[in-house]
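Since the structure comes first, as structure tokens, the remarks are kept for the end.
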Amino acid sequence: MRLVLKKNDGLLKKIKAISGEDIYACYQCGMCSAGCPMGQEMDLLPNQVIRLLQIGAERQVLHCRTVWLCASCFTCTARCPKGVNLARLMEGVRLFLLRTQKEDHFSPQQMVKEPLPPIALIGALRKFTT
Ligand code: SF4
Ligand code: SF4
């Protein structure tokens, strides 16, 4: 990934502003990751994504595959006992990358070629909302 960002650039602040989520509400119960249908393919589980953001390791989140594999199915959001909308947070990270780095991992051309399930198409389309 060609991500070049300066230190102390308010990265976390920007992700929080885009997503509108309070990452500190999470107490790491793992319910989100236990129900995530894409968990086995991810390099970071959903609860690990939010933990890394909590401890200020947001650059690791920006370099992970997880946010691009997230299908925006909202299972994590429905399961979270603290009301954290993790699906929206994943979208926030994607939007941050799309807006600042023009980073993308899925083109409309691929969507037409690949035999994808409807939820994958919906999730992918939501990645083109900028
Ligand atoms: S379900 Fe909610 S509180 Fe539990 S780890 Fe996931 S985001 Fe955090
Ligand atoms: S919205 Fe994304 S992170 Fe949440 S359960 Fe669905 S695929 Fe997993």
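Checking each residue in the stretch 46-62 for being part of a helix (DSSP H, G or I) and more than 9 Å from ligand 2 (Cβ to nearest atom) picks out Asn47, Gln48, Ile50, Arg51, Leu52, Leu53, Gln54, Glu58, Arg59, Gln60, Val61, Leu62. When the residues of the stretch 4-39 are filtered to those that are at pLDDT 85 or above, assigned to a helix (DSSP H, G or I) and among the aliphatic types (A, V, I, L, M), the one that is farthest from Gln54 (Cα to Cα) is Ala34. All but one of (1) within 9 Å of ligand 1 (Cβ to nearest atom); (2) surrounded by fewer than 18 Cβ atoms within 10 Å (Cβ to Cβ) hold for Cys32, so report the exception by its number. Just one mismatch for Cys32, condition (2).
Figure legend. Inter-residue proximity from the stretch 17-44: first residues closer than 12 Å to Ala87 by Cα, second residues near ligand 1 (Cβ under 9 Å from one of its atoms) and among the basic types (Lys, Arg), beta-carbon distance below 8 Å, spacing 6+ or different chains. Indicated pairs: Cys32/Arg79.
Residues that are surrounded by fewer than 19 Cβ atoms within 10 Å (Cβ to Cβ), more than 14 Å from ligand 2 (Cβ to nearest atom) and not basic (Lys, Arg) occur in the stretch 63-81; there is at least one.
The values are calculated or read from the model by the stated rules, or taken from the named source; none is laboratory data. Nothing here was measured: the structure is a model prediction, and the numbers come from that model. Here Cβ is always computed from backbone atoms with ideal geometry, including for glycine, and neighbour counts include all displayed protein chains.
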